[in-house]
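The values are calculated or read from the model by the stated rules, or taken from the named source; none is laboratory data. Since we're looking at a predicted model, the values are computed, not measured. Counting neighbours? That spans all protein chains shown, and the Cβs are built from the backbone with ideal geometry, glycine included. For accessibility, only protein heavy atoms count, side chains too; no ligands or nucleic acids. Shrake-Rupley method; radii C 1.70, N 1.55, O 1.52, S 1.80 Å.
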Amino acid sequence: MNSKKQAPVKYYVGIDVGSASVRAALVDEFGIVVAHADQPIQIWEPQPDHYEQSSADIWAACCLVTKKVVCGVDASQIRGVGFDATCSLVVVDKQFQPLAVNCEGQNYRNIIMWMDHRAVSQVERINATQHRVLSYVGGVMSVEMQPPKLLWIKENLQESCWEKAGYFFDLPDFLSWKATGVTARSLCTVVCKWTYTSDGGWDDSFWKMIGLEDLVKDKYEKIGNRVLSPGEPVGKGLMPEAAKDLGLPEGIAVAASLIDAHAGGLGVIGADVKGHNLPCENQPITSRAAMICGTSSCHMGVSETPIFVPGVWGPYFSAMVPGLWLNEGGQSATGKLIEHVVRGHVAFPELQSKAADSAHSIYTYLNSHLDLIKKSLPVGFLTVDLHVWPDFHGNRSPLTDLTLKGMVVGLTLSRGLDELALIYLATIQAIALRKRHILETMQAAGHHINTLFLCGGLSKNPLFVQMHADITGKPVVLSREVESVLVGAAILGACASGDFASIQVCS
């Protein structure tokens with residue numbers, strides 16, 4: 001027997017803020033999730049297309065789940081922490097106190113969520129400028145990005161919010177500030193959602209042209225005049241107060257953050273697939289696309305040179321994988337759309353009851369029910385006469401038309417569980433067909449993608465995965481470690497700790 005003592009295992013904490021919940025994981029130096037926890041967070045919808053959250057509620061949830069995953073672990077073995085989050089807009093005053101982003105003046109609701117579409121007229125005016133920065137967002141800015149939301153605040157909440165605002169944060173950057181007290185921003189957030197360019201920084205003429213010259217005058221202090229690469233250490237690490245809140249050691253490394261989809265992409269796109277006879281084996285990473293499937297879905301493809309894809313965000317340099325350009329296609333409603341269709345059906349109470357009786361989730365039960373009614377043909381053929389157009393929340397990519405609406409063709413008077421299962425299947429197929437549309441658009445522009453890497457909540461649904469493989473005609477790879485987004489966040493913490501030389505080495 002080897003009598004030498006083994007060195008203590010090193011751990012890293014990944015904290016992921018999704019649309020409806022906060023999750024944390026303790027990940028060891030080998031990339032294995034050894035503990036994870038989750039906590040729901042609140043969403044307010046004061047009127048149609050307005051979605052708001054509370055930064056205090058989200059931070060409290062971060063603290064709760066982090067304390068759970070590190071409970072019982074020797075603090076000296078925890079080396080770093082990384083955050084990822086949705087690209088939602090956080091507003092605080094000059095003393096860093098929450099400011100209301102609503103007409104009701106409720107300051108605790110100080111976040112405009114990524115999926116908020118209140119700034120329709122503002123984004124239309126921004127796109128009408130045809131400013132050169134728009135070429136880096138597929139030619140058309142999305143209402144889900146930050147400039148139109150900032151313009152909406154200025155035009156609708158001038159006195160109550162705009163004039164009092166001290167800082168506007170992307171949510172991932174708010175979390176790294178909360179942990180360290182440093183207002184530096186991540187290159188990922190400012191490049192992907194704010195029009196910052198990695199070679200030229202902020203473009204004064206853009207902000208002046210759209211009516212936000214105030215931000216130029218204060219030298220961009222409110223939106224960030226110091227930018228760090230994802231995984232780079234922020235300040236002096238965890239502040240005492242934040243360390244106490246999170247249950248982590250004071251001073252441990254905190255990494256510059258990532259948007260949640262980008263953390264998922266980082267967690268899966270570099271996976272070792274040797275020995276599985278996949279077309280991407282022995283091919284560069286540019287042959288892969290990462291698909292992060294949750295409330296919405298993001299489709300990430302990287303390239304060695306910039307590729308401009310109509311209707312697809314980017315190219316963004318070093319926004320996910322250092323040294324590579326990123327294009328990001330997206331669907332604004334996927335998990336949310338499936339939930340909307342299923343829960344809105346008249347047979348949903350019956351589904352709920354039968355799923356509970358069988359001790360299965362409603363989606364596991366629906367998948368089993370489809371297997372029962374498919375007869376001799378593959379399950380996909382059940383919807384030969386039923387079709388869904390999935391743009392219930394507008395189209396993000398590649399049509400970039402937020403005015404588009406959803407549609408269902410082939411409805412009958414039937415109201416039972418069979419019909420609910422069929423429309424559920426047709427909705428999943430519609431999402432997969434839109435994925436194929438995005439992929440074909442990217443490939444027509446110059447990408448060469450042959451393998452899909454899926455992660456996120458929907459990747460745990462076998463039917464969702466199978467339909468994407470069938471409809472795109474490409475093999476789908478699932479990570480052995482299912483919590484890929486959390487692994488991506490932990491990779492940031494590992495990089496910031498100095499234990500690994502770079503993000504590429506970590507991943």
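When residue 284 is tested against (1) closer than 29 Å to residue 80 by Cβ; (2) assigned by the TED database to the domain that holds residue 26; (3) without any contact (Cβ under 8 Å) to a residue 24 or more places away in the chain, just one condition goes unmet, and that condition is (2). Search segment 257-273 for residues being under 21 Å from residue 30 (Cβ atoms) and in a helix (DSSP H, G or I), and hand back the single one that is most open to solvent (accessible area, probe 1.4 Å). Within segment 257-273, the match that is most open to solvent (accessible area, probe 1.4 Å) is 267. Restricting segment 162-187 to residues that are assigned to a helix (DSSP H, G or I) and touching a Lys or Arg at 6+ places or on another chain (Cβ under 6 Å) leaves a set whose member that is nearest to residue 238 (Cα to Cα) is 173.
Conditions (1) of a type outside the set (Lys, Arg); (2) open to solvent by 60 Å² or more (accessible area, probe 1.4 Å); (3) under 25 Å from residue 144 (Cα atoms); (4) not in a strand (DSSP E or B), marked per residue:
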{"residue": "413", "(1), (2), (3), (4)": "yes, yes, no, yes"}
{"residue": "423", "(1), (2), (3), (4)": "yes, no, no, yes"}
{"residue": "435", "(1), (2), (3), (4)": "no, no, yes, yes"}
{"residue": "453", "(1), (2), (3), (4)": "yes, no, yes, no"}
{"residue": "458", "(1), (2), (3), (4)": "yes, no, yes, yes"}
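Residues being part of a helix (DSSP H, G or I), open to solvent by 40 Å² or more (accessible area, probe 1.4 Å), in contact with a Leu (Cβ under 8 Å, 6 or more places away or on another chain) and modelled with pLDDT of 95 or more are represented in segment 282-292 by at least one member.
For residue 371, are the conditions met, namely being over 29 Å from residue 48 (Cα atoms), assigned to a loop (DSSP other than H, G, I, E, B), open to solvent by 40 Å² or more (accessible area, probe 1.4 Å) and charged (D, E, K, R)? For residue 371, the condition - over 29 Å from residue 48 (Cα atoms), assigned to a loop (DSSP other than H, G, I, E, B), open to solvent by 40 Å² or more (accessible area, probe 1.4 Å) and charged (D, E, K, R) - is not met.
Restricted to strands (runs of 3 or more DSSP E) entirely inside segment 15-109, those with at least 3 residues that are touching a residue at least 60 places away in the same chain (Cβ under 8 Å) and within 20 Å of the chain's Cα centre (by Cα) are 21-28, 78-85, 89-93. One residue alone among 444, 496, 490, 501 is of a type in the set (Gly, Ala, Ser) and more than 30 Å from residue 228 (Cβ to Cβ), and that residue is 444. Would segment 125-133 turn up any residue that is part of a loop (DSSP other than H, G, I, E, B), at pLDDT below 95 and more than 24 Å from the chain's Cα centre (by Cα)? No: segment 125-133 contains no residue that is part of a loop (DSSP other than H, G, I, E, B), at pLDDT below 95 and more than 24 Å from the chain's Cα centre (by Cα).
For segment 8-26, residues that are aliphatic (A, V, I, L, M) and farther than 19 Å from residue 79 by Cα total 3. Run down 178, 154, 208 and say which single residue is without any contact (Cβ under 8 Å) to a residue 12 or more places away in the chain and in contact with a helix residue (DSSP H, G or I) (Cβ under 8 Å, 6 or more places away or on another chain). The unique qualifying residue is 208.
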